Amino acid sequence: MGEIEDAIERADQEAFTREPPKGLKARINFLVGQLKTTKAVAAELGVSQRSVERYRTGERKHPPKPIADRIEAAVRVRWQPRVRGRHRKQAATATGITIETRARFGYTAPVGTTDDGRMRRLTIHLPPAYARRLFDAREQGATDQHMRDIVAEGLQEVYFKDGGRRAADLEVALTDIDYFDLSY
């Protein structure tokens, strides 16, 4: 996953109203409740059905780290989908998203102006239209570069062009991301 995909995932997790199950048995039982069978859970996790049954009964309490990580990821993906969906919908229709980043911004600008890229630390609120485009792109399996382009366009319009009041011919590129965070 890229920086933007990770940031969206973190923002989704911040939307949880309750913490996901912590214990191994509770996590496995939750997955069985979601996927309906131990066979389906085993296929999702890449382990045998018998292993899932052992985790579920408490016969095995400590799976290897890669399997434990897959269990945690599978639970987080399925945990409170309606809550996450409601937060995303609100961001895409009403509230927008807040981007905090430290990255290199490069420019293509008219002759006589500076087009040297430089590192900037920005915290900018983007309107709901950019949130909607970003979430739609993520759902359609867009590349990280495509999502970066959407964010760069939003930052270009809101921050650099100030909603059309200045720098009309400026084109912004987002490169060399030091860190990237997103909230809604």
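Remarks
- Within the range 100-146, considering residues that are at pLDDT below 90, outside any helix (DSSP H, G or I) and more than 25 Å from Arg166 (Cα to Cα), the one most open to solvent (accessible area, probe 1.4 Å): Thr143
- Residue pairs meeting the criteria (Cβ under 9 Å; at least 6 apart or on separate chains; first free of Cβ contacts under 8 Å to residues at least 24 places away in the same chain and within 17 Å of Arg82 (Cβ to Cβ), in the range 1-29; second small (Gly, Ala, Ser) and open to solvent by less than 60 Å² (accessible area, probe 1.4 Å)): none
- So Gly163, is it modelled with pLDDT under 85 and in a helix (DSSP H, G or I): yes
- Criterion (open to solvent by 60 Å² or more (accessible area, probe 1.4 Å) and on the phi > 0 side of the Ramachandran plot) met by exactly one of Lys65, Lys36: Lys36
- Within the range 87-99, the presence of at least one residue that is among the hydrophobic types (A, V, I, L, M, F, W, C), surrounded by 14 or more Cβ atoms within 10 Å (Cβ to Cβ), modelled with pLDDT of 90 or more and touching a strand residue (DSSP E or B) at 6+ places or on another chain (Cβ under 7 Å) is confirmed.
The values are calculated or read from the model by the stated rules, or taken from the named source; none is laboratory data. Keep in mind it's a predicted model, so treat the numbers as computed, not measured. Because the Cβ atoms are built from the backbone with ideal geometry, glycine has one as well, and the counts that use them run over all protein chains shown. What goes into the accessible areas is simple: the full protein's heavy atoms, side chains included, and nothing from ligands, DNA or RNA. Shrake-Rupley method; radii C 1.70, N 1.55, O 1.52, S 1.80 Å.
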